[in-house]
1. Answer with yes or no whether Ala32 is modelled with pLDDT of 80 or more and either surrounded by 15 or more Cβ atoms within 10 Å (Cβ to Cβ) or assigned to a helix (DSSP H, G or I) (or both).
2. Would you tally the residues in the range 37-78 being more than 19 Å from Glu27 (Cα to Cα), at pLDDT below 85 and exposed (fewer than 11 other Cβ atoms within 10 Å of the Cβ)?
3. Of everything in the range 45-66, what is part of a helix (DSSP H, G or I) and more than 13 Å from the chain's Cα centre (by Cα)? Give them in sequence order.
4. Looking only at the range 6-20, decide whether some residue is surrounded by 14 or more Cβ atoms within 10 Å (Cβ to Cβ), hydroxyl-bearing (Ser, Thr, Tyr) and modelled with pLDDT of 75 or more.
Amino acid sequence: MSFRALSHALGGLTLAATLTGAAMAQETVTYATDGGNILDVMTRTLIRPAEAKYGLRVVPDPNADRYPVIKAQVMSGKPT
């Protein structure tokens, strides 16, 4: 399995765990993703079903180079 495939698989598991936790708190979740085909697949298979099942809202944040963006948000003390 390639690193990229493993990364996407782990990202999917992380997303599933996050969505379950968010459902308990009934909140909006921002999902940082590379976008593209993987976002399309995740939207169909995980995001929309989780929104319907748990009554939460998932906002995808596609950005191929997301680490600097996330780091800046965390450092500011106001992550979105």
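1. No, not satisfied.
2. Residues flagged as more than 19 Å from Glu27 (Cα to Cα), at pLDDT below 85 and exposed (fewer than 11 other Cβ atoms within 10 Å of the Cβ) within the range 37-78 amount to 4.
3. Answer for the range 45-66, where residues must be part of a helix (DSSP H, G or I) and more than 13 Å from the chain's Cα centre (by Cα): Pro49, Ala52, Lys53, Tyr54.
4. Scanning the range 6-20, I find no residue that is surrounded by 14 or more Cβ atoms within 10 Å (Cβ to Cβ), hydroxyl-bearing (Ser, Thr, Tyr) and modelled with pLDDT of 75 or more, so the answer is no.
The values are calculated or read from the model by the stated rules, or taken from the named source; none is laboratory data. Remember, it's a predicted structure, so these values are computed and weren't measured experimentally. Virtual Cβ from ideal backbone geometry, glycine too; neighbours counted across all protein chains shown.
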